[in-house]
Amino acid sequence: MRDTAPPTTDARHPARWEDLDRLRRTSPMCDAVLDEVDGRHIRSGDHWLVDFASCNYLGFDRDPEIIAAIEPAVRRWGTHPSWSRLLGSPRLYVDIEERLAALLGAPDTLLLPTATLIHASVIPVLAGQGHVFVEAAAHRTVYDGCLAAKGKGATLHRFRADLPGELETLLSRLPPGPPALVCLDGVNSMSGNIPDLPALAAICRGGNATLYVDDAHGFGVVGERAPSESCPYGARGNSVVRHTGETYDGIVLVGGFSKAYSSLLAFLALPTRLKNRLKVDAGPYLYSGPSPTASLATALAGLEVNERRGDAVRAGLYRKTVRVLDHLRELGLPTLNTDRLPIVEVPLGGGADIDAVAAYLWERGIYVTLAAYPLVPRDQVGFRVQITALNSDADIDQLNDALTGLSERFALTDGR
Ligand SMILES: Cc1ncc(COP(=O)(O)O)c(C=O)c1O
């Protein structure tokens, strides 16, 4: 699993696949088979580990109230709707879309099975024969959507979210007429950081470009700021647009239920006119199967639970994340994480061998996401810890002890 766009130079070089094959053979944390799950403890063979690789940030995957919502829905609707959405959508879809639009404060929403499908089908429609700008650290699925747009006649450009002036200049040089689409992650899937959305949105509005934001990791975690918020993640988990005080004017937001809400479903927040256009122009609404009933039921129940208990869950998530970040700081270990979200990437900076680091963590019962070459470019090799509400304080103690051991055995420095 590569998170970001591949380097353009050696993307098709066979050596990459040899490296990937070697990684699969040598690392127990790559392409693993898991035999049992007990909360956030997982068993692979006879080895139990604490799971810091899942993205079930709110712990909804094990929530009894959400689990109980599945069976009645399946009895009523069957296991799978199996009409494409244009042929017929169970009322669950309408209930989720309305509830979601209210939560996000968006004009409307459109549900499709995955963010991957949304990017692949919607980015080409929005880019048309115009210009599509992909952020350098955007998720691989966003990049692939931009490549699909290029294949259909759009011109592809790259930009960096931390250099907004550069984007402004690029937009200002475009001829008037064809559409311009600017694509990036909300909460970044590797660094866990939030882009300066107000600055980028202002530039896009000024340059007549649509800003397309993939907030797969922010939805359910960050939300609107409020004096009564339970933690700096904000309130209600209603995503990065609200968290940064932005509006949906000129912004199309994509989010997913497959992380914080533990369900196979994704959405666009968008104007109703665009929604109706995408029902015809974006393939999956007509040509793909829908999400299973269990996913629709868990999404709806998750929205209900989020409204009642979400802020308390997020406060606990923040507290545990800060425990890990504070410990890294005390150890003098680098992390890309500056915004204190529960995605904690530790770069190795060329100072330590990823295989040896992974083997050590495995031995200490810690399961993480490996950002190994060729999954990421060589200068971005490291590992990523994702903290979820179901990780106990004892789990965090075990992780922090393992990080202490790592810092004693390996030279972990951010070489960038
Ligand atoms: C930023 C980002 N976008 C999109 C996706 C894919 O989401 P989905 O599973 O809904 O296709 C992921 C999953 O890893 C992601 O991290």
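The values are calculated or read from the model by the stated rules, or taken from the named source; none is laboratory data. A quick note: this is a predicted structure, and the numbers were derived from the prediction, not measured. With ligands, DNA and RNA removed, areas are computed over all heavy atoms of the protein, side chains included. Shrake-Rupley method; radii C 1.70, N 1.55, O 1.52, S 1.80 Å.
Here are a few things to note about the model shown:
- Portion, in percent, of the accessible area of region 66-306 that falls on carbon or sulfur, probe 1.4 Å: 55 percent
- GNM result for the chain, Cα springs below 10 Å: residue of 199, 266, 358 fluctuating most strongly: 199
- Three-way shape label, region 30-148, alpha-carbon gyration tensor, a/c 1.5: oblate
- Span-rule helices in the chain, defined as complete DSSP H runs reaching 30 Å or more along the axis (Cα) with Kyte mean at least -1.0: 293-331
- At a probe radius of 1.4 angstrom, the accessible area of region 66-306 per residue rounds to 38 square angstrom.
- Adding -39500 (n - 2.57) for every DSSP H run of four residues or longer, then dividing by how many residues the chain holds, sets the calculated 222 nm ellipticity at -12500 deg cm²/dmol.
- Tensor-based shape of region 66-306 (alpha-carbon gyration tensor, a/c under 1.5 rounded, otherwise prolate or oblate): oblate
- Of interest is the spacing of the C-alpha centroids, which for region 231-257 and region 258-309 amounts to 16 Å.
- Largest mean-square fluctuation among 25, 99, 85, in a Gaussian network model of the chain whose springs join Cα atoms under 10 Å apart, belongs to 25.
- Overall form of region 205-247 per C-alpha gyration tensor (a/c, 1.5; a/b vs b/c): oblate
- In percent, rounded to a whole number, the relative contact order of the chain is 23, using alpha-carbon pairs under 8 Å and six or more apart.
- Per-selection metrics, the chain (Cα): Rg and Dmax in Å: 21.1, 63
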